[in-house]
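Taking it in order: structure first as structure tokens, then the write-up.
The values are calculated or read from the model by the stated rules, or taken from the named source; none is laboratory data. Worth saying up front: this structure is predicted, and the values here are computed from it rather than measured. All Cβ positions, glycine included, derive from the backbone under ideal geometry; neighbour counts span all protein chains shown. Accessible surface is based on the protein model in full, side chains and every heavy atom, while ligands, DNA and RNA are left aside. Shrake-Rupley method; radii C 1.70, N 1.55, O 1.52, S 1.80 Å.
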Amino acid sequence: MLTFFLTVGTPVLIALYFIKSDKFPEPQNLILKTFFLGVLITIPAGFLNGILIWSQPTPEKLSFIAGITEESLKFLALYWYLKPKVEFNEPMDAIVYGVLISLGFATLENIEYVYLYNPDQSLVVSIMRAFTAIPLHSMCGVIMGFMFGFYIFYGVKKYLAYSILIPIIIHSTYNFLTDQNILIFLIYMISIIFYTSKLFLQIKKLQSIKLQETQEKIF
């Protein structure tokens with residue numbers, strides 16, 4: 001039971017935190033659809049990672065590539081599915097939906113790592129991922145959403161590139177550092193937590209002074 005809670009409950013609780021942090025709540029049906037869209041993109045991600053990483057002679061040296069494939073697919077889901085929605089109408093929405101896509105992805109990935117790849121160490125793996133991989137996915141969702149929101153609603157063109165490049169760099173670096181010095185890895189994770197928190201609080205502050213949700217899209 002504890003293993004299942006850590007595996008599935010951790011990403012769900014983090015998702016609920018961001019949903020409840022939104023001053024103007026998003027519709028439940030779109031929340032669920034976005035979360036399960038994140039689950040679905042694990043399929044093309046698994047296919048691409050299989051070709052680019054696991055079919056290679058030294059896959060352990062290529063884990064950073066997963067940051068490229070996975071964050072690119074999350075970005076495409078945010079751009080092509082969420083951007084046209086009328087409910088997607090303010091910067092905080094970009095963060096909420098970015099996190100939902102990321103955590104939908106992370107939930108199925110977590111189930112695979114805990115129950116399929118490491119069944120003999122399922123509890124240990126679920127604990128480790130609850131404090132590392134799951135927060136990493138959620139933070140990439142926040143960063144992607146922050147940058148994407150500034151592009152869509154404030155017209156800052158360079159932020160479109162930032163919205164995909166920064167999560168890729170952060171995720172790829174995370175994958176690389178998992179096999180490196182533990183102290184360096186911890187310092188890296190703490191740094192990303194501070195950076196992500198700063199971005200999220202900035203959007204929260206902007207939203208707190210708004211009297212209504214709707215904000216015109218520039219792009």
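Summary of computed values
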{"quantity": "Complete set of residues in segment 76-93 that are in contact with a Gly (Cβ under 9 Å, 6 or more places away or on another chain) and in contact (Cβ under 8 Å) with a residue 60 or more places away in the chain", "calculated": "L78, E90, P91, M92, D93"}
{"quantity": "One residue from I53, I134 being surrounded by 15 or more Cβ atoms within 10 Å (Cβ to Cβ), aliphatic (A, V, I, L, M) and more than 26 Å from S197 (Cα to Cα)", "calculated": "I53"}
{"quantity": "Complete set of residues in segment 195-216 that are outside any helix (DSSP H, G or I) and either under 21 Å from the mean Cα position of the chain (by Cα) or loosely packed, with under 13 Cβ neighbours inside 10 Å (or both)", "calculated": "I209, L211, Q212, T214, E216"}
{"quantity": "Breaking point among (1) touching a helix residue (DSSP H, G or I) at 6+ places or on another chain (Cβ under 9 Å); (2) in a helix (DSSP H, G or I); (3) not β-branched (V, I, T), for F88", "calculated": "(2)"}
{"quantity": "Qualifying residue in segment 96-111 (condition: open to solvent by 10 Å² or more (accessible area, probe 1.4 Å), within 18 Å of L199 (Cα to Cα) and either part of a helix (DSSP H, G or I) or touching a Gly at 6+ places or on another chain (Cβ under 8 Å) (or both))", "calculated": "no"}
{"quantity": "Flag for L177 being open to solvent by 80 Å² or more (accessible area, probe 1.4 Å), hydrophobic (A, V, I, L, M, F, W, C) and free of Cβ contacts under 8 Å to residues at least 60 places away in the same chain", "calculated": "no"}
{"quantity": "Some residue of segment 148-168 being farther than 28 Å from E90 by Cα, in contact (Cβ under 8 Å) with a residue 40 or more places away in the chain, crowded, with 23+ Cβ neighbours inside 10 Å and hydroxyl-bearing (S, T, Y)", "calculated": "no"}
{"quantity": "Residue, least open to solvent (accessible area, probe 1.4 Å), within segment 58-83, restricted to residues that are under 15 Å from V39 (Cα atoms) and aromatic (F, W, Y)", "calculated": "F75"}
